[in-house]
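Here the structure comes first, spelled out in C-alpha cells, and everything after it is commentary.
Just so it is clear, none of the values below were taken in a lab; they were calculated from the coordinates. Since we're looking at a predicted model, the values are computed, not measured. Neighbour counts run over all protein chains shown; Cβ positions are idealised from the backbone, glycine included.
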Amino acid sequence: MASSGVTGSPCGACKFLRRKCAAECVFAPYFCAEDGASQFAAIHKVFGASNAAKLLQQVAPGDRSEAAATVTYEAQARMRDPVYGCVAHIFALQQQVVALQAQVAQARTHLVAAGHGHPLLYQQQAAWQVAETSTTQSSSGCYSAHRSDDGSSMHAPAEMYCFGEQEEGSY
C-alpha cells in the first residue's frame, strides 16, 4: 500500500496534484509514492482527478485495485493513441489471431498434400475449420488495419469500423 499523509509521504496522486495526502485519500492504496505520480499524470490528463476519484468511490472496495489498474492502462493507451486508446491494441491482437489461424490452416493443408495426413486428421481438419469460421464470424466487430515497416499497427479512421450494428444517424 502507498503511504498517506499520516506517515509523512504523500501518495503518487497527491504528489502529482501537489496537495497534502489525507488519511482517507481514495488514491493512496493504488498509487505509491515512488512511481504513482507518473501513472497518475496520465489519468489526470485523460480523465481528470475528480472523475477518477468518483469512479474509484463508485466501485466496490474489493474491486478498486483492478479498477485503478484498468483506468491507468486506458489512460496510458489514450496518451499513446488519443483516438482508439486500448482498442487499437485489441484490434492488433485480433489481426494476429486471424493471421495465425491462416498459418495453421495452411500448415494443415501442406501436411495433407504431402501425404502425412492421418485419417483422423481429415476429420479434425473439418472440425477445426468449422470452429475457426464460427470464432471469426462471432467476433463483435469488423476492422482493418495496416502494418508499417517496423511492425507497429497504424490505424486511420477510414480503415476502422464500429462494433455491432448501428442504426442510421445514431452517432
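So, counting K/R as plus one and D/E as minus one, what does the shell of residues with Cβ under 14 Å around Ala33 add up to?
Taking every other residue near Ala33 into account, the sum is +2.
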Compute the Cα gyration tensor for segment 1-80, then decide on rounded, prolate or oblate, letting a ≥ b ≥ c be the square roots of its eigenvalues: rounded whenever a/c is under 1.5, prolate when a/b is larger than b/c in the other cases, and oblate in all that remain. oblate
Show the residues, 5+ positions off or on another chain, whose built amide H is closer than 5 Å to the amide H of Arg19. none
Dividing the mean separation of Cα pairs under 8 Å (6+ apart) by the residue count of segment 1-91 yields a relative contact order in percent of 22 percent
For every other residue with a beta carbon closer than 14 angstrom to the beta carbon of Ala69, add +1 if it is Lys or Arg and -1 if Asp or Glu, then tell me the sum. -3
